[in-house]
1. Can you count the Lys pairs in the chain with C-alpha separation below 27 Å, eight or more apart or on different chains?
2. Where the centre of each part is set by its Cα atoms, how far does region 159-208 sit from region 243-311, in angstrom?
3. With a cut-off of 8 Å between alpha carbons and a minimum separation of six or more residues, what is the relative contact order of region 210-312 in percent?
4. I need the per residue convex hull volume for region 3-114, using only the alpha carbons, in cubic angstrom as a whole number.
5. To the nearest 500 deg cm²/dmol, what mean residue ellipticity at 222 nm is calculated for the chain from DSSP H runs of n ≥ 4 alone, each contributing -39,500 (n - 2.57), summed and divided by the residues?
6. For each cysteine in the chain, check whether another cysteine's C-beta sits under 4.7 Å from its C-beta; list those where none does.
7. If region 210-312 were replaced by its equivalent ellipsoid, with semi-axes equal to the square roots of 5 times the Cα gyration tensor eigenvalues, what would those be, largest first, whole Å?
8. Sequence gap at least 6, Cα distance under 8 Å: using those rules, report the relative contact order of region 1-158 to the nearest whole percent.
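No lab work stands behind these numbers, since they all come straight from the coordinates. Bear in mind the structure is a predicted one, so any value in this text is a computation, not a measurement. For neighbour counting, all protein chains shown are included, and Cβ atoms are generated from backbone atoms with ideal geometry for every residue, glycine included.
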Amino acid sequence: MSLEFSDRDRESVARDLRDPDDEVRRLAVERVEALPSAEAVSCLVDRLGDPSWRVRKAAVERLVARSETDQVTTALVDSLADGENPGRRNAAVEALVKCGDRVIDHLMAACSSPDEDVRKLVVDAMAGIAEPRTRHKLLETLSDSDPNVRAASADALAVVGGDGVPQALLQAATAEDEDQLVRFSAIRALGSLEFPVRAAELVSILEDPVLGAGALGLLGRAEDDDQAVAVLLKAITAPVQSRREAAIRSLVAIVSTAPSEFESVVVEGIQHAASANAEIVADAIAHLASADLSASLVLIQFLGLVGSEAAVIPVLVAGRDEALSPVALSTLVALGASSERIIDASWGDFDVASRRDSCVLFGRLDGERSAVRLLSALEDPSGEVRTAAARAIGSRKLESGLAPLIHRLVATAGDDDYESEEESAAVIEGLTTLAEASPSDRDPLVSRRAIELLRSALEGAVEDVRLAIAIVIGRIGRHEGCEIAELLLRDPSAPVRRAAVEALAQLEPGSETESLRLALADESALVRIAAARALGASSGEFVVDDLSRLAVDEDSSVRAAAVLSIVTRFIRSEDEHHRSVAHAVIDSAFRDEPPVALSAIEALCEVGGPETARANSMLGRPEPELIRQAIRCISIHADDAALDSLLPFIAHPDWTVRAEAIQTVADRRMVRSVPAILRRLETEEDEFVREVTLQALQRLESGVA
């Protein structure tokens, strides 16, 4: 298929590319296909130097999408020589990188350019592409006459890697007559490659005031190098912070990868050095308070290896950072009894955040002091602390926490603030984790005890407590809880009755108890919805008639739930009566209110099969959400010929429908939709739809001749 453009189209694009308005130029760039090939490429390359970054971005995307690789690459490489416009050069590099390996041969040829700036940018582009074929050329440019090119080559080799690369970089890093920038880049590249370098190979630069820290950082892969360990242990007392940090980082790396025997030697050396020089730990702790994320991660691990009790509280405080929390928690867990004793003894001096984080830690320990502290923390003045304690008691399965947790369940009732809701959810989670049944549960006493305590708590309980008990009973999953669930089915509160229905469905999965069937006639729509879902998941054959009655319920949400259950359960049934009921329900739903019709389409989409063709009838509905769901269903299940019904929706008045239709034809590689999409692009004003359209065109262009 060829794309036809009129002279008017070409004149319009050429004029708009020169317009003073940024947005007009950007839109013109997106329509540049209207110009002849050579002119289009020239205009796009010219726009790489546009003052507007949005125009430059659009030009990059259109150049990358073009098929004239030689023409485009030549023009882009020529743009690298534009020393007056750094924006054009940077955009050209970006475009070359996005073109990928199809431009590699051109880039390698451009490495012989007489312009050192071009050579440097070409190397940067090859680094961005990271194609292994460039290795030999990058090794050549590591000897370029210009130090900036050599430094860029070292950085690029770190990305490409491969045979001979580490050795060449090591030679560059240790060459005394090499430019310092190049040596620094080579050291950094060796670090990125995680190449094991022994101390003996770095003797000439380990004490260098500029390069030494980087050289120390390379020793972290020396798994059995006694000389490297000795150098690093000495360096952790260095007066220069960068050297200390690099040495600590390498020691931590060695411990994480070394064989167990050598690991023990290194850890022993670290601990001996720390005991002989108290400043090592003091300095690490002091720096932990101000270090960046990367350094903090290493310092926490280092302090864990030292095993210093002085580090417990600082590590706990550092763990407030979400990024540091996992490693801080693991470190404190590894310190075990020391962490438990020091934190418990310091509890009275802690602020809310430290008490909260201590509860999280105590959930991972198994000592008696931490267990007692968690139980007392359930009465902490702070809801954050009580919340963390409830979850920790559950995760540790502290049986002694059953009664206190149920007490907290009652105590939080009636409070409707966010903190109380969080605490209530945590208490429910803790109770569930502590008491839930499992296939390997040989001793159900904890679950039974929990159910007994919950039954006792029901007496005189307020609505929120009854609701929470219904939820917990269902999650515990013990059949003994059915009596409580059935009792709560008669509760005066609709939310409680709904939770009771859901609990009963979990306690007796696949069943169709009389209690569930009675819930179908509940005065609350919420309860009837829950009953419809529960019966839809049951294995009984007679629930289809019960659900059919709900499919004509006065409440549209109830009808929607019933339709979903009926269609997903019975549309593919072997029983003719069940299938006929399901088809009749679909017919009725498609004429119903949007929520009900939407439920029917979603059910059809889920079950698949020939019945999904019925989704086409929804394309005539006026509601955008129904049309979108019908398009999704057709996209998943329809054959290629049936996709033609979606073409008119590329120009639908609703932007969400247009976006869905365009995305669908692109996903299905419907090349015949390209003319319609291009016509829509000329008038599309919605920014999101334009973006979807451009992406769709890029995906479809490969199928256009």
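1. 5
2. 25 Å
3. Computed value for region 210-312: 26 percent relative contact order.
4. On the way: hull volume 10.2 nm³, N = 112.
So the per-residue hull volume is 91 Å³.
5. -20500 deg cm²/dmol
6. When partners are defined as cysteine Cβ atoms under 4.7 Å apart, the chain leaves Cys43, Cys99, Cys111, Cys359, Cys482 without one.
7. Numbers: eigenvalues 69, 52, 31 Å².
So the three semi-axes of region 210-312 are 19, 16, 12 Å.
8. Across region 1-158, relative contact order equals 15 percent.
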